[in-house]
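Some notes on the structure that comes next.
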Amino acid sequence: MIIKLPKKNVNFKDFFNKIGLNEIYKQGIKNSLHVGKDKRLSKTPYPPDLLDLYYLYEIIRLNKRITILEYGCGWSTVIMNQALVDLKQKLKAKSYRRCYEPYKLVSLDNSKKFISISKQRLKKFSKNYKNVKFYFSKVNMCTFNERYCSEYVKHPSINPDFIY
């Protein structure tokens, strides 16, 4: 399988305006002015990373990914939801026969606070957010192949074609 990659030179203002998320672009630019300052003192300690969000959107759209599992919610939840909404509209809701719930985003997080923030952002920035499902789970430290890692205690049953 060949993975399609997005263009490297892009005008972020035009891109976010085109997909209807110009407000995220404004927040990303506003918060980038605070580079070098202590983020813990900011009201928005985790500003949107415009380049990362652009790549996420385009990789999902270009490769027609229709079921997404996300570990940790945030600005990426909003942009991946928008990619699914746009892709569903473009493909006219066609999907694979084996796909039980196409155009679905499942977000798994260990912080109820960030789940709440992500839900508020979805309601603010997207009209279509019914295909996003949030799961809360505690996380345990463990080892895998003699390396430290973390594992979610409650994991949803999903067969994604994109994991972030």
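Before moving on, here are some points about what is shown:
- Cβ separations smaller than 9 Å between residues 6+ apart or across chains give the following pairs from region 141-154 residues that are of a type in the set (Phe, Trp, Tyr) to residues that are assigned to a loop (DSSP other than H, G, I, E, B): Tyr152/Asn110; Tyr152/Ser137; Tyr152/Lys138.
- Answer residue from region 1-22, given it is open to solvent by less than 80 Å² (accessible area, probe 1.4 Å) and not in a loop (DSSP other than H, G, I, E, B) and is farthest from Leu84 (Cα to Cα) among those: Phe12
- Selected residue [free of Cβ contacts under 8 Å to residues at least 60 places away in the same chain and of a type in the set (Phe, Trp, Tyr)] from Phe125, Phe136: Phe136
- In region 46-61, the residues that are open to solvent by 30 Å² or more (accessible area, probe 1.4 Å) and either modelled with pLDDT under 85 or closer than 20 Å to Lys130 by Cα (or both): Tyr46, Pro47, Arg61
- Restricting attention to region 115-139, the residues that are open to solvent by less than 70 Å² (accessible area, probe 1.4 Å), assigned to a strand (DSSP E or B) and in contact with a Phe, Trp or Tyr (Cβ under 9 Å, 6 or more places away or on another chain) add up to 1.
- When residues of region 67-79 are limited to those that are more than 21 Å from Asp14 (Cβ to Cβ) and either assigned to a loop (DSSP other than H, G, I, E, B) or hydroxyl-bearing (Ser, Thr, Tyr) (or both), the one most open to solvent (accessible area, probe 1.4 Å): Tyr71
- Residues of region 94-113 satisfying the condition of being under 19 Å from Gly72 (Cα atoms) and open to solvent by 100 Å² or more (accessible area, probe 1.4 Å): Lys112, Lys113
- Checking Lys43, Lys64 one by one, the residue that is open to solvent by 40 Å² or more (accessible area, probe 1.4 Å), of a type in the set (Lys, Arg), part of a loop (DSSP other than H, G, I, E, B) and at pLDDT 90 or above is Lys64 and no other.
- Within region 80-97, being within 23 Å of Tyr54 (Cα to Cα), in contact with an Asp or Glu (Cβ under 9 Å, 6 or more places away or on another chain) and either part of a loop (DSSP other than H, G, I, E, B) or in contact (Cβ under 8 Å) with a residue 40 or more places away in the chain (or both) holds for one residue alone: Met80.
- Of the residues Lys127, Lys90, the single one that is at pLDDT below 95, under 26 Å from Lys26 (Cα atoms) and either touching a Pro at 6+ places or on another chain (Cβ under 8 Å) or of a type in the set (Lys, Arg) (or both) is Lys127.
The values are calculated or read from the model by the stated rules, or taken from the named source; none is laboratory data. Being a predicted model, the structure only gives us computed values, none of them experimental. Neighbour counts run over all protein chains shown; Cβ positions are idealised from the backbone, glycine included. We work out accessible area using only protein heavy atoms, side chains counted, and drop any ligands, DNA or RNA first. Shrake-Rupley method; radii C 1.70, N 1.55, O 1.52, S 1.80 Å.
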